[in-house]
Amino acid sequence: MSRRAELYTLIRSAKAHLELAQVGPIPGVRPASQEERDVFDEVLAARRVRKTQAMREALDFERPKAAEPKPTAVAPRPSGSKSVPLWEQFGSKPKEIFASATAELEELWAPEDDHATRLLKIRENLGDCKRCGLCETRKKIVFGEGSPTARLMFVGEGPGYNEDIQGRPFVGKAGELLDKMIEAMGLKREDVYIANTVKCRPPEDRNPAPDEIAKCRPFIMQQVRAIEPEVIVGLGRFGTNVLLDQDKSITQIRGTWQDFDGIALMPTFHPAYLLRNPGAKRDAWADLQAVMKKLGLSN
Ligand code: SF4
């Protein structure tokens with residue numbers, strides 16, 4: 001049979017199939033003859049066999065199974081690898097650091113010190129800090145700001161360009177968005193406390209290095225201890241993981257309550273991420289609604 005005749009037969013078979021598949025005749029389509037139905041069924045059956053075979057081969061049903069590889073010892077992870085938990089890179093778990101970071105507060109604070117005095121003393125102790133290399137490129141230390149008696153504390157990663165110039169956390173575009181998020185919760189910026197895990201801007205806005213975080217982390221721990229908020233919102237991977245003994249992606253843990261030494265911690269997306277990915281704002285808002293519920297704020 002020529003290719004043209006073969007094609008013609010297929011078209012007729014297809015029409016016949018359409019007619020067979022329908023209840024009643026199709027307008028404009030001649031009912032299929034028995035001969036046409038037989039040809040179509042043969043073509044269809046052959047195609048099914050070929051397809052099934054191809055799928056079986058692709059799924060390895062027909063091949064002998066390879067022997068299961070024996071489990072091998074887990075190779076040590078290279079230092080600095082992203083998969084290494086942050087606390088491993090620093091050498092001790094955050095709660096241990098929390099204990100040591102806050103131990104010096106015994107000497108720093110007097111029992112009668114209120115929250116504001118405690119914060120002032122931490123700032124004095126920080127001084128013109130040169131504890132890590134970030135001091136060489138920073139313009140201003142960004143200690144943190146807000147209410148010393150805040151029930152809600154936001155912890156971000158580190159200062160960016162605008163923060164470095166002004167010496168204030170979360171100004172610029174990401175700061176504007178954070179302000180809107182706070183206002184959407186029925187609060188004002190002055191009602192909460194905002195700080196970062198490192199107080200100086202990393203050059204080119206790179207991620208802070210483990211040694212820089214390790215040097216600076218005692219101060220965010222002390223700020224938490226000074227303020228004693230009811231809830232912390234961890235903004236982004238660093239704002240969350242630096243406080244917790246885990247190194248999970250923010251996508252994985254956002255929206256799930258965590259515990260930081262007895263304080264409820266809600267991880268959510270960093271406002272800078274939300275500016276790049278507006279579709280994630282819905283999730284961030286759901287996280288903040290959970291925080292509002294926890295604090296008894298009306299929705
Ligand atoms: S980042 Fe922290 S530890 Fe490093 S110089 Fe700045 S204030 Fe000091």
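Each value in this text was obtained by applying a stated rule to the coordinates, not by laboratory testing. On a predicted model such as this, the values are computed, not experimentally measured, just so you know. No Cβ is skipped: glycine too gets one built from the backbone with ideal geometry, and neighbour counts run over all protein chains shown.
If you stretched the chain out fully between L126 and L295, how much longer would it get, using 0.36 nm times the residue separation minus the C-alpha to C-alpha distance?
Full-extension gain reported as 57.7 nm.
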*Which stretch or stretches of segment 217-248 have amide N atoms under 17 Å from the point lying 7 Å from D205's Cα along the Cα→Cβ direction?*
235-239
*Using R₀ = 22 Å, calculate the FRET efficiency as 1/(1 + (r/R₀)^6) where r is the Cβ-Cβ separation of A184 and N162; round to 0.05.*
0.50
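Assuming R0 = 22 Å, what is the FRET efficiency of E42 and R4, from their Cβ-Cβ distance, to the nearest 0.05?
Working: r = 19 Å, r/R0 = 0.88.
Taking R0 as 22 Å, the efficiency between E42 and R4 is 0.70.
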*Which order do the peptides 171-184, 210-223, 123-136 take when ranked by the mean count of other beta-carbon atoms within 10 Å per residue, highest first?*
210-223, 171-184, 123-136
*Any idea what % of Cα-Cα pairs in segment 86-295 are farther than 29 Å?*
17
*Entries of K139/K248; K180/K293; K248/K281 with Cα pairs more than 29 Å apart*: K139/K248
_Amide H contacts under 5 Å for V171, placed H, 5+ residues apart_ = E163
